[in-house]
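Data block below; observations after.
The values are calculated or read from the model by the stated rules, or taken from the named source; none is laboratory data. Every value quoted in this text rests on a predicted model; they were computed, and no experiment measured them. Using ideal geometry, Cβ is built from the backbone for each residue, glycine included, and neighbour counts are taken over all protein chains shown.
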Amino acid sequence: MIVETGHYALVLALALALVNAILPLWGVLARDERLMGIAPSAALVQFVFVAYAFYALTYAHVVSDFSLVNVVENSHSAKPLVYKISGVWGNHEGSMLLWVLILTLFGAAVALSARRMPQDLHAVTLSMQSWISSAFLLFILLTSNPFARLASPPAQGNDLNPLLQDPGLAIHPPLLYLGYVGLSITFSFAAAALICGRLDAAWARFVRPWTLLAWTFLTLGIAMGSYWAYYTLGWGGFWFWDPVENASLMPWLAATALLHSAAVMEKREALKIWTIFLAILAFSLSLIGTFLDRSGVLTSVHAFASDPQRGLFILAILVFFIGGSFGLFAVRASGLKQGGLFAPISREGALVFNNLLLTTCCATVLVGTLYPLALEAMTGEKISVGAPFFNATFVPLFLPLFLAMPFGQILAWKRGDLLGAAQRLMIAIGAGLAAMLVFAAWQGRPAVAIGAAGLAVFVIIGSFVDLARRLFGGGAQAVWARLRGVPLSAFGAAFAHAGLGISLLGLAATGWGIEKITTMKVGDTLEIGPYSVVMESFSAGQGPNYSERVARTLIRSGGVDVATILPASRFYPVRNQSRTEAGIATLWLGQIYMSIGNMKDGSLDVRLYWKPLVALIWLGALVMGFGGMLSLADRRLRIGVARRARAAGPMPQPAE
Amino acid sequence: MTMASIGRLDRPRMEATFSSRRTIGRFIALVFFCLLGLAPAAAVQPDEILPDPRLEARARSLSAQLRCMVCQNQSIDDSDADLARDLRLLVREHLKAGESDAQVLNFLVARYGDFILLKPPVKPETIALWSAPFVLLIVGGVAFVLAWRRRSRGAGPAPALSAGEQAKLATLLGQDER
């Protein structure tokens, strides 16, 4: 019964979405405030219905209702509860439902939190959001219904893919979706601004927290996914330039560019057309990513042919929204008046440079991802575009950003002084060069790793130079007073930039990694990097829905035990699949990584790595996310809060 | 419908199903092979490694450039598939026979086509691919410089007041003085 009500709630949500797509827009055209007034409550109720549908599906998974196709295909009664819940979105139908849930969640959040916006802009934004949710609700109901029943239910399900039975599944997709579905709000804001003709600094200020929120989640989601791949796939890789990865990287690049150009628009009323373009582009790339993931064009051409309905449906959605929004953009944006002027060497100039490189990087990833598909479609010729291509194109385009980043933070608005900025950055430049010497002495070759590590230290120190000057410039006593004067968003920017530097340091250090592929017997000792690794025992065990073989392994340093790792190989009988579980010990910031393979005559195939500083890759992403959150908490960015007059009043809730 | 038939029906769909998120795409190849009943072997295995470390290093760097053709964008160095293992062994055999890196790559391209190279060769069909990043960077940069120059020029000193405006200004100022 609950399942049927969930299905029904989804249909009601579609009806509401259609109403909300049309009426508020009509209200704006007819200047009827009552019609515009529908939008917030319709957005809220729409969210409630979708949330209920999501609850209903989760319920079916938790109680193992095997009369549902979706549950049979992806669950098993012996599966641990946490994977019964996360298994809800570990499949196409359920993850589309999560997609729409987050879409409507953002709609509801805007409905609640932006009441001080001009009413027409608010209503049209919610209407645009409902256009998107209508399309995707229709997609779910027509092609991917998670509530489909089976006439004769089996007694047991097929279990979830073992690779997905991992805490990563509980965290990674929700974070990633909050990020790239969250960009729908910036898209809706952009379309609304074009329709209402309200493209000004105030608009940039309304949009900023939403972009920041989506960007923060996207950053964390991508990092989480990369760590998940790192520890499950068993060979220590964490980024593969896979099309599905690229699909999440492209919106991140566009959103990063958007954050920066929106800052210029907010402060100086310049780059308006460009900012709107990026806002549309960022979500368009999310849609393209969804299409690439869902249609099957990437997995194999045959999957596309076997179920062309879904692919074609998403393609239609894609063409409608991307075509429609860029059409609107072409018609309305040309009439915009541009604002403040600036010299090439200035904060604005640096941000333009940032945008130029980020969008070129983004286009490179897009071209590299789609080119093989297009070439095969047109000429039938098959080529591969993999990591070596992106290393040769993307990396040289992205690296200059690190050089420019600290300069951009220091240059003044309108007209900057490059030489003065370089002088102020002397300490960062010095630290970077010193770091290169230290790393060269500590680890030595390869030169690329040394150079990149030096650059990373330059960025990390450089990110805080401006902040330090503002805090400590007037003597020690004044620091506290100055601390209150420096906006949180300045701290946020410093941390976000430093986070990227920290990640770069981790990436640079991969050049110093050591790999050993060999066989080990119980009792064997292997030297790797500064550690020695002793395999203590090899035993079989039993989990709730799998059996496993575990190699208990001790890590020693100078005769002292420092850690124990348990690399394992698990076998899931229901699906007849196995997966490796790497044993990882984080020692300082480096990691010992061990995964095991087959056992032959008492000797076990092992892959053992020493990866110095590798944890920094993901730690950097956490620092970036922390920076985003700090910036988000900046009171000045909250909509409708006057700057100083209300400072004494109760703290308003942060915009969600 | 029996269990077995459900299982069979689901299998082709699973590939699309699990392509849901980024890293998951990596898993598809693995899942695919498990479904075919092939036991997954680890990527490079100890018994494949050549005794000569320099030759082995060359084999590894070559492997990283070669696509496992039944996988999704995975190099044979990373892949667990049996085909990848066969190719890794093939690469090592050719290296042992004293061939240069280029000779090994040429042999594999002749046999499997450009599809096997993860870094597509520069040729008429891929000119657009290889030049896209740099062309876009230059076009973007030039577009910005042009837009910037046009705007700086457009924003020169304001035009002088017309006779009518002068008169209007005079009356307004006059009103003010009075």
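Within segment A:165-181, identify whether any single residue is closer than 28 Å to A:Leu68 by Cβ, within 14 Å of chain B (Cβ to nearest Cβ) and aromatic (Phe, Trp, Tyr), and answer yes or no.
Within segment A:165-181, one or more residues are closer than 28 Å to A:Leu68 by Cβ, within 14 Å of chain B (Cβ to nearest Cβ) and aromatic (Phe, Trp, Tyr).
Restricting segment A:512-535 to residues that are surrounded by 18 or more Cβ atoms within 10 Å (Cβ to Cβ) and in contact with a helix residue (DSSP H, G or I) (Cβ under 7 Å, 6 or more places away or on another chain), which is nearest to A:Asp601 (Cα to Cα)?
Only one residue fits best here, namely A:Thr519.
Check A:Ile383 against each of (1) facing chain B (nearest Cβ under 10 Å); (2) hydrophobic (A, V, I, L, M, F, W, C); (3) part of a helix (DSSP H, G or I) and name the one condition it does not meet.
(3)
Please find, within segment A:257-275, the residue that is surrounded by the most Cβ atoms within 10 Å (Cβ to Cβ) out of those that are within 21 Å of the chain's Cα centre (by Cα) and closer than 20 Å to A:Ile322 by Cβ. Walk me through it before giving the result.
Pass one, segment A:257-275, residues within 21 Å of the chain's Cα centre (by Cα): A:257-263, A:275.
Then drop every residue that is not closer than 20 Å to A:Ile322 by Cβ, which leaves A:257-258, A:261, A:275.
Details: A:Ala257: 25, A:Leu258: 34, A:Ser261: 27, A:Thr275: 29.
Looking at the filtered set, the residue picked out is A:Leu258.
Spot the failing condition for B:Leu129; the list is (1) surrounded by 14 or more Cβ atoms within 10 Å (Cβ to Cβ); (2) more than 8 Å from chain A (Cβ to nearest Cβ); (3) closer than 17 Å to A:Glu376 by Cβ, and only one is missed.
All conditions are met except number (2).
Any idea which of (1) at pLDDT below 50; (2) buried (at least 20 other Cβ atoms within 10 Å of the Cβ); (3) more than 7 Å from every other protein chain (Cβ to nearest Cβ) is the one B:Ala16 doesn't satisfy?
Single failed check for B:Ala16: (3).
Would you be able to say whether some residue in segment A:210-228 is assigned to a helix (DSSP H, G or I), out of contact with any Gly (no Cβ under 7 Å at 6 or more places or on another chain), among the hydroxyl-bearing types (Ser, Thr, Tyr) and within 14 Å of chain B (Cβ to nearest Cβ)?
yes
The rows are residues; the columns are (1) closer than 27 Å to A:Thr359 by Cα; (2) in contact (Cβ under 8 Å) with a residue 40 or more places away in the chain.
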| residue | (1), (2) |
| --- | --- |
| A:Phe398 | yes, yes |
| A:Ala404 | yes, yes |
| A:Arg415 | yes, yes |
| A:Gln423 | no, no |
| A:Pro446 | no, yes |
| A:Ala453 | yes, yes |
| A:Arg470 | no, no |
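Give the residues of segment A:237-274 that are under 27 Å from A:Thr290 (Cα atoms) and in a loop (DSSP other than H, G, I, E, B), sorted by residue number. Don't jump to the end; show me each part of the working.
Filtering segment A:237-274 for residues under 27 Å from A:Thr290 (Cα atoms) gives A:237-262, A:273-274.
If the condition is that a residue be under 27 Å from A:Thr290 (Cα atoms) and in a loop (DSSP other than H, G, I, E, B), then A:Gly237, A:Phe238, A:Trp239, A:Phe240, A:Trp241, A:Asp242 are the ones that fit.
Looking only at segment A:150-209, which residues are in contact with a helix residue (DSSP H, G or I) (Cβ under 8 Å, 6 or more places away or on another chain) and free of Cβ contacts under 8 Å to residues at least 40 places away in the same chain?
Hits for segment A:150-209: nothing passes.
Out of A:Ala170, A:Ala135, I need the residue that is aliphatic (A, V, I, L, M) and surrounded by 21 or more Cβ atoms within 10 Å (Cβ to Cβ). Which one? Step through it out loud before you land on a result.
On the way: A:Ala170 fails: surrounded by 21 or more Cβ atoms within 10 Å (Cβ to Cβ).
Step by step, each of A:Ala170, A:Ala135 is checked, and only A:Ala135 is aliphatic (A, V, I, L, M) and surrounded by 21 or more Cβ atoms within 10 Å (Cβ to Cβ).
Residue by residue through segment B:107-122, note down the ones that are facing another protein chain (nearest Cβ under 10 Å), free of Cβ contacts under 8 Å to residues at least 24 places away in the same chain and assigned to a helix (DSSP H, G or I).
Hit for segment B:107-122 is B:Asp114, nothing else.
Just a yes or no: is a residue in segment A:401-422 under 20 Å from A:Asp242 (Cα atoms), modelled with pLDDT of 90 or more and either in contact with a Lys or Arg (Cβ under 9 Å, 6 or more places away or on another chain) or within 14 Å of chain B (Cβ to nearest Cβ) (or both)? Steps first, please.
Applying the first criterion (under 20 Å from A:Asp242 (Cα atoms)) to segment A:401-422 yields none.
No, because not a single residue in segment A:401-422 is under 20 Å from A:Asp242 (Cα atoms), modelled with pLDDT of 90 or more and either in contact with a Lys or Arg (Cβ under 9 Å, 6 or more places away or on another chain) or within 14 Å of chain B (Cβ to nearest Cβ) (or both).
Kindly evaluate A:Leu160 against the criterion of being more than 17 Å from A:Ala39 (Cβ to Cβ), within 10 Å of another protein chain (Cβ to nearest Cβ) and surrounded by 21 or more Cβ atoms within 10 Å (Cβ to Cβ). So that I can check it myself, show each step before the final result.
Details: more than 17 Å from A:Ala39 (Cβ to Cβ): yes; within 10 Å of another protein chain (Cβ to nearest Cβ): yes; surrounded by 21 or more Cβ atoms within 10 Å (Cβ to Cβ): yes.
Yes: the conditions hold for A:Leu160.
With a cut-off of at least 3 residues that are touching a residue at least 40 places away in the same chain (Cβ under 8 Å), name the strands (runs of 3 or more DSSP E) lying wholly within segment A:533-574. Give the steps one after another, and end with the answer.
Values: elements: A:547-557, A:560-565, A:568-572.
Per the criteria, A:547-557.
Can you name every one of the helices (runs of 4 or more DSSP H) wholly within segment A:18-114 that holds 1 or more residues which are more than 14 Å from every other protein chain (Cβ to nearest Cβ) and out of contact with any strand residue (DSSP E or B) (no Cβ under 6 Å at 6 or more places or on another chain)?
On the way: elements: A:33-62, A:69-74, A:81-86, A:92-113.
Filter on segment A:18-114 gives A:33-62, A:81-86, A:92-113.
May I ask you to list pairs of residues, at least six apart or on different chains, whose Cβ atoms are under 6 Å apart, with the first in segment A:491-505 being on the phi < 0 side of the Ramachandran plot and the second being among the aromatic types (Phe, Trp, Tyr)?
Between residues of segment A:491-505 that are on the phi < 0 side of the Ramachandran plot and residues that are among the aromatic types (Phe, Trp, Tyr), the close pairs are A:Ala494/A:Phe464; A:Phe495/A:Phe626.
Does A:Phe240 qualify as being within 14 Å of chain B (Cβ to nearest Cβ) and buried (at least 23 other Cβ atoms within 10 Å of the Cβ)?
On the way: within 14 Å of chain B (Cβ to nearest Cβ): yes; buried (at least 23 other Cβ atoms within 10 Å of the Cβ): yes.
Criteria met by A:Phe240.
List every residue pair whose Cβ atoms sit under 7 Å apart, with the two residues 6 or more apart in sequence or on different chains, where the first one lies in segment A:70-90 and is more than 16 Å from A:Tyr546 (Cβ to Cβ) and the second, anywhere, is acidic (Asp, Glu).
A:Asn70/A:Glu93; A:Val71/A:Asp65; A:Glu73/B:Asp10
In segment B:106-121, is there at least one residue being exposed (fewer than 13 other Cβ atoms within 10 Å of the Cβ) and either modelled with pLDDT under 85 or polar (S, T, N, Q) (or both)?
yes
Against the definition (out of contact with any strand residue (DSSP E or B) (no Cβ under 8 Å at 6 or more places or on another chain), at pLDDT 85 or above, aliphatic (A, V, I, L, M) and not in a helix (DSSP H, G or I)), how does A:Ala155 come out, yes or no? Before you say what the answer is, go through the steps one by one.
Working: out of contact with any strand residue (DSSP E or B) (no Cβ under 8 Å at 6 or more places or on another chain): yes; at pLDDT 85 or above: yes; aliphatic (A, V, I, L, M): yes; not in a helix (DSSP H, G or I): yes.
So A:Ala155 passes the test.
Read through the list (1) modelled with pLDDT under 90; (2) surrounded by fewer than 24 Cβ atoms within 10 Å (Cβ to Cβ); (3) farther than 21 Å from A:Gly197 by Cα, then give the number of the only condition that A:Arg115 fails.
Unmet condition: (3).
Looking at segment A:123-143, can you tell me whether even one residue there is aliphatic (A, V, I, L, M), within 16 Å of A:Leu169 (Cβ to Cβ) and touching a residue at least 40 places away in the same chain (Cβ under 8 Å)?
Within segment A:123-143, the first condition is being aliphatic (A, V, I, L, M), and the residues that meet it are A:123-124, A:126, A:128, A:132, A:135, A:137-138, A:140-142.
Add one more test, that the residue is within 16 Å of A:Leu169 (Cβ to Cβ), and what stays is none.
Within segment A:123-143, not a single residue is aliphatic (A, V, I, L, M), within 16 Å of A:Leu169 (Cβ to Cβ) and touching a residue at least 40 places away in the same chain (Cβ under 8 Å).
Quick check, is A:Trp480 away from chain B (no Cβ under 14 Å) and surrounded by fewer than 14 Cβ atoms within 10 Å (Cβ to Cβ)? Before you say what the answer is, go through the steps one by one.
Numbers: away from chain B (no Cβ under 14 Å): yes; surrounded by fewer than 14 Cβ atoms within 10 Å (Cβ to Cβ): yes.
The answer is yes for A:Trp480.
On the basis of being within 22 Å of A:Asp242 (Cα to Cα), more than 14 Å from chain A (Cβ to nearest Cβ) and either part of a helix (DSSP H, G or I) or of a type in the set (Asp, Glu) (or both), does B:Leu83 make the cut?
Numbers: within 22 Å of A:Asp242 (Cα to Cα): yes; more than 14 Å from chain A (Cβ to nearest Cβ): yes; either part of a helix (DSSP H, G or I) or of a type in the set (Asp, Glu) (or both): yes.
Criteria met by B:Leu83.
Quickly run through segment A:482-500 and pick out the residues that are closer than 13 Å to A:Leu212 by Cβ, touching a Leu at 6+ places or on another chain (Cβ under 8 Å) and modelled with pLDDT of 90 or more. Break it down into steps so the answer makes sense when it comes.
Step one: list which residues in segment A:482-500 are closer than 13 Å to A:Leu212 by Cβ, which gives A:488-489, A:492-493, A:495-496.
Adding the requirement that they be touching a Leu at 6+ places or on another chain (Cβ under 8 Å) leaves A:488-489, A:492, A:495.
Hits for segment A:482-500 are A:Gly492, A:Phe495.
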